[in-house]
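The values are calculated or read from the model by the stated rules, or taken from the named source; none is laboratory data. Owing to the predicted nature of the structure, the values given are computational and were not obtained by experimental measurement. Counting neighbours? That spans all protein chains shown, and the Cβs are built from the backbone with ideal geometry, glycine included.
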Amino acid sequence: MAFEGSASSICHGLRATFRGRIHAKLSVNLSYTFSKAIDDAEEIFPHTRAQDMRNFRSERGLALYDQRHRLVLSGLFEIGRPVGEGIGRILLSDWTVAPILEAASGRPVNVLLGTDNNLDQDPSADRPDCVPDNILGSVRTAFGSFAVPPLGEPGNVGRNAFVGPSFASLNLRLQRNVSLTDRLSAQLIAEAFNLLNRTNIRAVNPHYASAGQPLAAHDPRQVQLGLRLRF
């Protein structure tokens, strides 16, 4: 078996960032990235092989770390003491609100056969044929319809040809400072992660017969409370 360092990769991207204080008590940070990464071998898994060792050009496709869009928006809003008297002044004063919104495109998925259909003695890289719907012997999945290629032939599906589900999450931190005595103060903290409880799929099935079916998800909504004393 021979190994050679002939793999290639290329990445194009644009990043825009905004940081500023919109108001005396409101600051905003915004970051957006638009990019595309292409390669013809998996750097993360150097033991993987090409589907057809005589045609490395067919391996050129999206890199596993490719992510077309990524947006992160965070803010910090400080609430001072409202004008007036009474219970409203007490309850609504000295708050800090800090939300973080993160949204991103899905990552590439490499649909595989899972068997050595092209007879190269390596089942790890064989891919299926992408065919029209209702073709005899095909299976329909979330990524389209697939069929097993003729024995000894490579599949026509490209490497990392499909993109998995997107990601979106809103985190929120609330904090209030309370003066207890001249020397003692407290911070009341409430934090929520994935506040809207969105189901964010972390991994999907790459097998051609069940391609695109969810296998794992990121954490659901989580809430934690904290108390910090200063003296």
Extreme residue, surrounded by the most Cβ atoms within 10 Å (Cβ to Cβ), among residues of the stretch 158-186 that are β-branched (Val, Ile, Thr) and assigned to a strand (DSSP E or B): Val163
Counted residues, the stretch 6-40 - those being hydrophobic (A, V, I, L, M, F, W, C), farther than 22 Å from Arg159 by Cβ and not in a strand (DSSP E or B): 1
Test result for Pro165, touching a residue at least 40 places away in the same chain (Cβ under 8 Å), touching a Phe, Trp or Tyr at 6+ places or on another chain (Cβ under 6 Å) and more than 30 Å from Glu78 (Cα to Cα): no
Output the residue which, of all residues in the stretch 143-152 that are touching a helix residue (DSSP H, G or I) at 6+ places or on another chain (Cβ under 9 Å) and assigned to a strand (DSSP E or B), is surrounded by the most Cβ atoms within 10 Å (Cβ to Cβ). Phe146
Selection status of Arg202, surrounded by 14 or more Cβ atoms within 10 Å (Cβ to Cβ), closer than 30 Å to Pro128 by Cα, out of contact with any Phe, Trp or Tyr (no Cβ under 7 Å at 6 or more places or on another chain) and of a type in the set (Lys, Arg): yes
Criterion violated by Leu225 - all others in (1) within 30 Å of Arg127 (Cα to Cα); (2) surrounded by fewer than 14 Cβ atoms within 10 Å (Cβ to Cβ) satisfied: (1)
Can you spot a residue in the stretch 186-193 that is touching an Asp or Glu at 6+ places or on another chain (Cβ under 6 Å) and either on the phi < 0 side of the Ramachandran plot or of a type outside the set (Ser, Thr, Tyr) (or both)? no
Would you check if there is a residue in the stretch 201-211 being more than 30 Å from Ser93 (Cβ to Cβ), among the small types (Gly, Ala, Ser), modelled with pLDDT of 95 or more and in a loop (DSSP other than H, G, I, E, B)? yes
Name the one entry in Gly212, Gly137, Gly155 that is surrounded by 17 or more Cβ atoms within 10 Å (Cβ to Cβ) and at positive phi. Gly212
